[in-house]
Each structure stands twice: as C-alpha cells, then as structure tokens.
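This report concerns only the one structure given below.
All of the numbers you see were taken from the coordinates with simple rules; none came from a lab. This one's a predicted model, so the numbers in the text were calculated from it and none came from an experiment. Here Cβ is always computed from backbone atoms with ideal geometry, including for glycine, and neighbour counts include all displayed protein chains.
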Amino acid sequence: MKSGVTTATTALRWRWLIMCMLTLTLALFPHEALFALPLIVFSAAAALLKGIWIINDFMELKHAPPMLRRMLMLWLLLTTSAVTTAALWQS
C-alpha cells in the first residue's frame with residue numbers, strides 16, 4: 001500500500017468505481033427495456049445504494065447529528081420511492 005493511502009481511501013475508491021459501473025450499466029440499456037419490472041427494481045436499488053453511499057461516505061455525514069442523517073435518508077427514500085412508483089405506473 002502506498003504511503004498516505006488508507007484503507008478508508010481504498011474503500012471509497014472501490015465504492016466510487018462501483019457507482020460508476022452501476023450508472024454505466026443502467027445507461028447502456030436500450031430505452032425500450034427501461035420499463036421492464038426487473039430493470040425498474042434494479043434501478044431503484046442501485047439509486048438507493050448509491051444515495052446511501054454518497055450521504056454516508058462522500059458527504060461525510062456518517063458522524064453527523066442523527067437528525068440530519070435521518071432527514072437526508074428520508075428524503076432519499078421518498079425521492080427514490082416516488083420515481084420508482086412513477087416508473088411502475090408507466091409500465
């Protein structure tokens with residue numbers, strides 16, 4: 001391991017790489033397949049996972065006051081649920 005690179009930094013890099021791969025995977029699907037139920041569920045799960053990682057690790061709110069974290073997690077859950085419901089309604 002290089003000097004100055006910690007385990008936390010390596011974990012963040014891996015999470016960033018996974019988030020980029022998830023985004024590219026979803027972006028490369030044909031538009032006709034976007035309303036297939038498995039893809040909708042996968043997209044919602046990916047968005048939720050990416051949002052949790054961004055809130056906890058990239059925004060560094062893992063140690064923030066619990067009320068702030070709860071508010072952000074609730075916003076993420078409501079937003080993801082609304083978009084997923086709209087996508088399911090369309091299909």
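The distance between label points at residue 79 and residue 21 comes to 2.5 nm (points 7 Å beyond Cα on the Cα→Cβ vector). Note on the chain: with charges restricted to the Cβ of Lys and Arg (+1) and Asp and Glu (-1), its dipole about the Cα centre is near 340 debye.
Applying 0.36 nm per residue to the separation of residue 67 and residue 12 and subtracting their alpha-carbon distance, the gain on full extension is 17.4 nm.
Below 13 angstrom from the Cβ of residue 53, what's the summed charge of the other residues (Lys, Arg +1; Asp, Glu -1)? Charge balance near residue 53 sits at +2.
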